[in-house]
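Laboratory data are not the source of any read-out in this text; all were calculated from the coordinates shown. Everything numeric here is computed off the predicted structure, so don't read it as measured data. Cβ sites come from the backbone with ideal geometry, for glycine too, and all protein chains shown count toward neighbours.
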Amino acid sequence: MTYRIILKSQKTNAKKNDGPKEYTAQFWTPGLVSYCDSGAGVALLRKEAMDAMLPSFVGKPVTIEHVEGSPEEIENAGKAVGKVTKAYWNPDTGW
């Protein structure tokens, strides 16, 4: 089972000035998650926890690489390339 998000870019296509593009991406699966780099060990991420957290992704900025800071700081620094407009898991497809 994989969760999907829909992302809307903030920039328009330079060749066709037809507005921001919308993308769908798989980004999250249940299972073991390592936080060893921060000294917190390994944790089991369950689907129930993911379902509870899923709505919190909507409205968050999207970056190309990891950026430290609050969503407001990331957007104000010009590091965001888009924004999450929908986050969901479709039980019919498993995506």
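Annotations
- Near the amide H of residue 81, within less than 5 Å, lie the amide hydrogens of 62, 63, 64, all on another chain or at least 5 residues away, with H placed in the peptide plane.
- Each label point was placed 7 Å from the Cα along the Cα-to-Cβ direction; for residue 37 and residue 23 their separation is 1.9 nm.
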